[in-house]
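Below: the structure, in structure tokens.
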Amino acid sequence: DLFAPGVLIDISMAAEMDADYRLTVADIEQWETAHGRIPDRAIVLLRSGWGRFWDKMVRYRNQDATGRMHFPGYSTEAARWLIEKRNIRAIGIDTLSIDHG
């Protein structure tokens with residue numbers, strides 16, 4: 001139960017343009033067109049490019065003047081789609097949270 005197939009979806013270009021970018025179902029479908037179907041019970045990892053800021057906490061959090069953080073994440077629709085359509089086992093991301101900031 002501790003091992004599963006893994007896939008890496010790269011949204012770093014979109015996240016570079018929009019710090020609040022969220023993975024969409026269209027992103028997942030585009031990934032599958034290029035790489036094949038995500039296996040059932042897989043682990044889905046999201047590369048936002050935010051990992052390059054992990055040692056610069058102010059930039060990693062990317063807080064605005066009101067204290068709200070801005071970093072990419074999974075959209076609710078994409079997370080539900082992965083669970084319902086691909087029966088995924090786990091998700092991960094290179095930000096502070098799987099939710100956008």
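Table for the structure above
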| item | result |
| --- | --- |
| Conditions (1) at pLDDT 95 or above; (2) touching a Leu at 6+ places or on another chain (Cβ under 7 Å); (3) open to solvent by less than 80 Å² (accessible area, probe 1.4 Å); number of the one not met by Ile38 | (2) |
| Options Gly6, Gly49, Gly73: the member that is in contact with a helix residue (DSSP H, G or I) (Cβ under 6 Å, 6 or more places away or on another chain) and either surrounded by 13 or more Cβ atoms within 10 Å (Cβ to Cβ) or among the hydrophobic types (A, V, I, L, M, F, W, C) (or both) | Gly49 |
| First in the stretch 1-21 and closer than 15 Å to Ser48 by Cβ and part of a helix (DSSP H, G or I), second anywhere and open to solvent by less than 40 Å² (accessible area, probe 1.4 Å) and not polar (S, T, N, Q), Cβ under 6 Å, 6 or more apart | Ser12/Gly49; Ala15/Gly49; Ala15/Pro72 |
| Residue selected from the stretch 59-101 under the condition closer than 22 Å to Val7 by Cβ and of a type in the set (Gly, Ala, Ser), by the criterion farthest from the chain's Cα centre (by Cα) | Ala90 |
| Residue in the stretch 21-32 that is surrounded by 12 or more Cβ atoms within 10 Å (Cβ to Cβ), touching a His at 6+ places or on another chain (Cβ under 7 Å) and at pLDDT 95 or above present | yes |
| Close pairs from the stretch 47-63: first of a type in the set (Gly, Ala, Ser), partner surrounded by fewer than 12 Cβ atoms within 10 Å (Cβ to Cβ), Cβ under 9 Å, at least 6 apart | Gly49/Met13 |
| In the stretch 44-101, the residues that are polar (S, T, N, Q) and either in a helix (DSSP H, G or I) or more than 17 Å from Glu32 (Cα to Cα) (or both) | Ser48, Asn62, Gln63, Thr66, Ser75, Thr76, Thr95, Ser97 |
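The values are calculated or read from the model by the stated rules, or taken from the named source; none is laboratory data. Just so you know, these numbers come straight off a predicted model, no measurement behind them. Please note: Cβ atoms are built from the backbone with ideal geometry, for glycine as well, and neighbour counts cover all protein chains shown. The area values use the complete protein model at the heavy-atom level, side chains included, leaving out ligands, DNA and RNA. Shrake-Rupley method; radii C 1.70, N 1.55, O 1.52, S 1.80 Å.
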